[in-house]
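Single-structure report; data block below.
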Amino acid sequence: MKFNGVDFDRYFKDYPNEEGYFGKYGGVYITEELKKAMQEITEAYYTICKSRKFINELRRIRKEFQGRPTPISHLERLSNKFGNVQLYVKREDLNHTGAHKLNHCMGEALLAKYMGKKKVIAETGAGQHGVALATAAAYFGLECDIYMGAVDILKQAPNVARMKILGANVIEVNDGAKTLKEAVDAAFMAYSKEYKDAIYCIGSVVGPHPFPMMVRDFQSVVGIEARSQFLEMTGELPDAVVACVGGGSNAAGMFAGFLNDPVDIYGVEPLGRGAKLGDHAASLTYGEEGVMHGFNSIMLKDESGNPAPVYSIASGLDYPSSGPEHAFLKDLGRVKYDVVDDEETIDAFFLLSKLEGIIPAIESAHAVAYAIKLAKKMKKGSILINLSGRGDKDMDYIIKKYGIRDVK
Ligand SMILES: *Cc1c(COP(=O)(O)O)cnc(C)c1O
């Protein structure tokens, strides 16, 4: 399928190009020393990850350890509530550890093992990526250093406990605001000193090349499974596919299965409290081109051009940029990016829970909220939603802040 000059029959061969660009987005904007480390990972990726042996081992792990394939569920009661459009969810909440992040962490850690590395390094904000990586490290017997801001350590006690139980070292970062940004800087600093023995494992389709490509490829299992499951279940393709976008990994994985199909694709960003800078994290919707954390993409900037402060009720979505592939697909018009706010998200959280018996992660509830709005507009057809994770981690916070919301 050709779309605005891009041939989607060979999209995964063409994008990213050898320098790691999706159109003008992506690339490698880091120190010369770190560039060498990225080069090593890129070469290893092309030789090791494309080998039969690696592919077969990852396939076996996904089946026997992660519990893949995750199913697709038809949301019959939720669909009936809004008319004739049929809603379906891809159940990444049923992936081991309760979210999609383990898909790329297992790939990254397996690559580390094949490269002979002894350690994996990463930062974490809310702790979700840290827990997924600590799980993968435990499975493969790798050391695991997770850098985390002191403020986040206090806020995310259960995830800190999980990481420690899994055997990871949680390293407290006390610079600046003591949150994610400082943790990223500290993790990169540690990696630039340790890259002979360690590999950096990023948490989404962001950062310098090859990470946006590598994480997308590891996550594409979601879209590939979903496409064939949906065909088997209904005999056709969905009319629309919807996923929430923070850094953009669950969306990139889901979209990968459908880019070459006549399917409308929607990425959903968090509008938070509203459209004022600082009240949301809708970077593709309101941002502009710029470089941060080693890559060129669309980002939210403050007056001096630095990454702007962002907010979302979903801690997994509050990042001031998104992966370069999303910026590219947005400019191309192949994927439409739109927003839902906190309130719409909370309604969707309770609706899915009460009508379907599935408590979604608050990140994933953004995608559900958008699909409901879309269903009201579409009148007929089908929508497939990527349910990126389960909501156990969010329940305490939501009950405290909103109580039990009556959604009939
Ligand atoms: C981390 C997270 C996200 C956001 O990350 P992406 O890279 O945009 O997918 C979404 N959903 C859940 C459940 C998460 O844990």
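Tabulated data
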quantity: Cleavage-rule hits, trypsin sites (Lys or Arg not before Pro), segment 201-295, DSSP coil, Cβ neighbours within 10 Å at most 11; calculated: K276
quantity: Share, in percent, of DSSP beta bridges within the chain that are antiparallel, nearest 5; calculated: 35
quantity: Cross-link pairs beyond the 18 Å C-alpha cut-off, checked among K113/K164; K376/K408; K276/K301; K81/K354; K164/K193; K13/K117; calculated: K113/K164; K164/K193; K13/K117
quantity: Neighbour cut-off at most 15 other Cβ (10 Å), DSSP loop, GluC sites (Glu not before Pro), segment 190-238; calculated: E236
quantity: Inter-centroid distance (Cα atoms) of segment 111-145 relative to segment 187-219, Å; calculated: 11
quantity: Shape of segment 283-405, Cα gyration tensor, a/c cut at 1.5; calculated: oblate
quantity: Sorted by Cβ neighbour density within 10 Å, fewest at the top, the residues T97, T31; calculated: T31, T97
quantity: C-alpha center-to-center spacing [segment 243-263, segment 337-355] in angstrom; calculated: 20
quantity: Sorted by Cβ density within 10 Å, fewest first, the residues C105, C49, C244; calculated: C49, C105, C244
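The numbers here are math on the coordinates, done by the rules we state, and not lab data. In this text, all values refer to a predicted model and were calculated from it rather than measured experimentally. In this analysis, Cβ positions are derived from the backbone assuming ideal geometry, glycine residues included, and neighbour counts consider all displayed protein chains.
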